[in-house]
Amino acid sequence: MAGKLEASPFVAVASDSPSFQHAFERLLARAPGPVFPRARALYLQKYSLEAERDSEFRTFLLEEEIQESPAGALRIRALALAIVAWGQSRIDDAAAAAYLTRRWGLNALELQVVEGRGWFRDGGAYARFRAPAVYERAAPTTLVSSPADPAAPAVDPDSDG
């Protein structure tokens, strides 16, 4: 869902757990941009917030609110997340809530098991939950290399010096 970003200053909303917010930011920093909705959806269904792949549960961004400013600033707010019992046909909501508390420091109120559907490509049974998380990216300042840019050439190849 894309909306217009108001001109008000950004106020970052941090989750209760810094590791959760950091993982959320890392995931979205690598995700395809909102201008590629199909690629973005596939990425968010495939890649979890956990860096490791050996966990019995994995946490995914399920629904997001995207706001963009005319200048190119971007704010993405998590509306719903999914906890997936990886490779399992059923999810134990008490075990899932305990995992969210242990791994992310989240108190998963309103954990709702999704019946009759498995996660993307038979990843496992899952439940929805909400947790505060916001990703913000400032508008790009320029499209041209600046002298402070480490990739900028030291000397213009067309110059005599």
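Each value in this text was obtained by applying a stated rule to the coordinates, not by laboratory testing. Everything quoted here is computed from the prediction, not taken from an experiment. Glycine also receives a Cβ, built like all others from the backbone with ideal geometry; neighbour counts cover every protein chain displayed.
Among L111, L106, which is the only one that is within 22 Å of E25 (Cα to Cα) and touching an Asp or Glu at 6+ places or on another chain (Cβ under 7 Å)?
Selected residue: L106, the only one of L111, L106 that is within 22 Å of E25 (Cα to Cα) and touching an Asp or Glu at 6+ places or on another chain (Cβ under 7 Å).
Any idea how many residues of segment 16-44 are of a type outside the set (A, V, I, L, M, F, W, C), surrounded by 15 or more Cβ atoms within 10 Å (Cβ to Cβ) and within 22 Å of Q67 (Cβ to Cβ)?
So the answer is 5.
Is there a residue in segment 87-95 that is over 14 Å from the mean Cα position of the chain (by Cα), surrounded by 15 or more Cβ atoms within 10 Å (Cβ to Cβ) and closer than 23 Å to R26 by Cα?
no
Among (1) of a type in the set (K, R); (2) under 14 Å from G123 (Cα atoms); (3) outside any strand (DSSP E or B), where does R102 come up short?
Answer for R102: the failing condition is (2).
Scan segment 107-123 residue by residue and report those that are closer than 20 Å to R53 by Cα and buried (at least 19 other Cβ atoms within 10 Å of the Cβ).
W119, G123
For segment 20-59, what are the residues that are part of a helix (DSSP H, G or I), touching a helix residue (DSSP H, G or I) at 6+ places or on another chain (Cβ under 9 Å) and over 19 Å from R77 (Cβ atoms)?
L42, K46
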